[in-house]
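Following: one structure in structure tokens, then a few remarks.
The values are calculated or read from the model by the stated rules, or taken from the named source; none is laboratory data. Bear in mind the structure is a predicted one, so any value in this text is a computation, not a measurement. FYI the Cβ positions are ideal-geometry reconstructions off the backbone, even for glycines, and counts take in every protein chain you see.
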Amino acid sequence: MRFIHRIDIRQLNCTKCIDKEILEHYFKHEYNFLGTGWVSWNKSECKCQESYVPIEWHKDILFDYTFQEEYFDSNLIKQLPQGVDIKIPWELGRMYYWPQLSLYAINHTEMRDEIVREFINQMNDFMDNNKLGIGVQFYCAMEISIRSINLLMSYDILTQLLPERFDKEFTEKFERYLYSQLNVIVDRLELDFFSGQSGNHYLSDLCGILWICMYFDSYKSDKYGQAAAKEFSREIGLQFLEDGSNYECSTGYHMLSSELTALAYVAMRRCFNKDIDMVGVLERIEKMRDVADIFVAVDGKIVQIGDYDSGRVIKLQPVYRESMEDTLIVSEVSCLLNAVLFVNAKGNWAIEAVVHSYLDNYAEGKKKDMQWNTSESTYEGKGPIAEKYESMPYKKYREIPLTGEWERFKCKNLKEFGLIKLSDDNEDIYIRTIPNYKRMELAHAHDDVFSYQIITKSRREGEDLGSIAYTSDIVTRMKLANSEYHNVPIHPGAIIRKSDYFISETSAEGEVKIRDNAIEIIVHWNGICHVRKFVVEEKCLKIFDYSDELFEVREVNDDFYSLGYGQLYRRGTNEHVRKIS
């Protein structure tokens with residue numbers, strides 16, 4: 001087993017890197033994610049004689065709860081105290097900050113020694129307090145994979161900058177630890193082998209395997225890498241739809257799964273492309289990039305549809321709004337997708353070109369512009385098509401003012417995902433249509449068909465708040481997923497029915513008609529037929545509702561706004577809200 005350098009650090013000189021202010025936080029072990037703000041993760045009870053203070057690797061610091069050092073198949077995340085969120089120690093354990101610090105060391109020679117010393121101390125701390133396969137940091141294979149990718153990249157860079165600082169004892173210990181994580185991931189692949197059900201976790205597992213195998217030369221890494229490449233290429237054909245969107249009914253998960261695909265493609269193209277249709281994978285990536293462009297609104301942030309957990313693989317430039325991280329800004333992923341297409345055309349598969357792409361959108365690639373689509377059908381539903389819906393007994397009408405100039409505008413229609421984007425230069429209207437639910441994995445779906453969001457450069461109206469928690473407050477999680485927190489007609493029977501956190505089902509089918517400046521969404525479910533018609537006029541959006549059953553129309557509570565998973569704020573006061581009463 002031999003570690004192989006994959007990054008030419010000479011190509012990364014003068015790249016953008018974090019500000020010194022963030023660097024200073026990191027050296028004090030202060031991190032900021034999932035709504036924590038800048039807080040110290042130092043062990044308070046430690047009476048250390050040396051300058052390095054150990055880190056609380058197993059703690060939800062917001063609720064002062066420490067996860068016990070238990071084996072994988074224990075009840076580690078069951079029966080947690082109210083408010084505890086396992087994703088907080090997981091997010092710390094992903095170590096997003098180490099590639100950031102490594103790039104800083106390239107650009108700032110005066111800080112290299114201190115950064116390398118902190119890396120060695122911190123890795124010894126992590127290894128000594130997180131035995132392989134045991135405890136909260138090894139509970140989920142996805143978390144192991146994301147951590148491995150970040151540490152491989154950082155170790156590659158830092159060992160080239162100051163090789164003399166890495167003695168034999170540490171090098172052997174750390175490389176063995178990194179390589180051994182491969183066995184843990186393989187042992188805990190997040191795939192239901194009975195149903196074949198998979199998702200972003202399984203893509204993460206495979207991507208982690210590919211990157212570990214790319215960095216280590218051994219018989220096992222060659223075999224595992226080739227097998228993972230074959231499985232990854234098959235899996236993206238299942239998880240991404242023909243329109244390029246991801247089948248998890250979520251814009252956030254589309255971005256995460258697209259980033260995983262691009263990074264996996266790098267390893268496959270570099271080392272594991274035997275008997276793989278690399279052209280087909282690249283065509284998929286081009287479609288993913290086109291969809292990502294649709295999901296990014298005029299304010300530069302992703303529109304939230306479905307669950308949103310702010311998941312990323314690599315973050316080189318986190319964005320902060322005052323003291324909180326704004327995870328709705330995902331331009332790094334769009335840059336990466338563009339760069340993979342560009343780098344492939346140039347035939348240069350040095351990883352540093354892809355690392356660079358996170359920071360500078362130097363490669364636009366060839367973009368397709370999805371213009372107004374006048375075809376009538378998406379997916380045919382059961383029952384009569386409501387051609388004469390004006391005669392339906394229950395009706396409502398309202399107008400929403402617009403600030404843009406809507407005499408002429410662009411329309412982009414993702415038929416399978418179920419989303420239409422209308423744009424002028426200064427304003428976007430997103431309309432949630434009927435997805436192809438037969439192809440969807442509904443664990444992260446919301447009851448949001450018929451909803452709309454209006455986004456300008458400074459304001460979001462009718463915003464979908466995503467989901468703020470997995471384990472901390474189930475009631476709030478369910479509220480944010482159901483129709484109550486979407487601009488939709490309220491019927492007694494939900495379109496998406498949730499029986500558990502990640503178990504959903506629906507019988508809904510329907511169609512979408514686009515004609516001139518009007519969009520009609522017709523949906524049938526549980527014996528109900530509802531039609532919503534949007535008409536775009538110069539200064540207003542007209543909304544007509546028709547149904548054969550009595551319904552309500554509520555405005556989304558605009559008292560809150562979101563900056564991504566874990567971050568719900570009261571508008572005007574910036575009060576951080578963990579629970580909606």
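The table for this structure:
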read-out: Residues satisfying the stated conditions in segment 487-530, i.e. touching an Asp or Glu at 6+ places or on another chain (Cβ under 6 Å) and over 25 Å from E390 (Cβ atoms); value: A494, I496, R497
read-out: Number of the exception - P163 against (1) at pLDDT 95 or above; (2) under 30 Å from the mean Cα position of the chain (by Cα); (3) over 20 Å from W41 (Cβ atoms); value: (2)
read-out: Matching strands (runs of 3 or more DSSP E) fully within segment 471-515 where at least 2 residues are modelled with pLDDT of 90 or more; value: 509-515
read-out: Unique match (being of a type in the set (D, E), more than 23 Å from G311 (Cβ to Cβ), at pLDDT below 85 and assigned by TED's automatic domain parsing to the domain that holds A141) among E21, E110, E118, E70; value: E70
read-out: Qualifying residues in segment 442-457 (those that are among the small types (G, A, S) and either in contact with an Asp or Glu (Cβ under 6 Å, 6 or more places away or on another chain) or assigned to a loop (DSSP other than H, G, I, E, B) (or both)) - the one nearest to S499 (Cα to Cα); value: A445
read-out: Residue check for T456: of a type in the set (S, T, N, Q) and surrounded by fewer than 18 Cβ atoms within 10 Å (Cβ to Cβ); value: yes
read-out: Selected residue (criterion: surrounded by the fewest Cβ atoms within 10 Å (Cβ to Cβ)) from residues of segment 372-405 that are modelled with pLDDT under 90 and aromatic (F, W, Y); value: W372
read-out: Checklist (1) modelled with pLDDT of 90 or more; (2) touching a helix residue (DSSP H, G or I) at 6+ places or on another chain (Cβ under 9 Å); (3) not in a strand (DSSP E or B) applied to L550, failing item; value: (2)
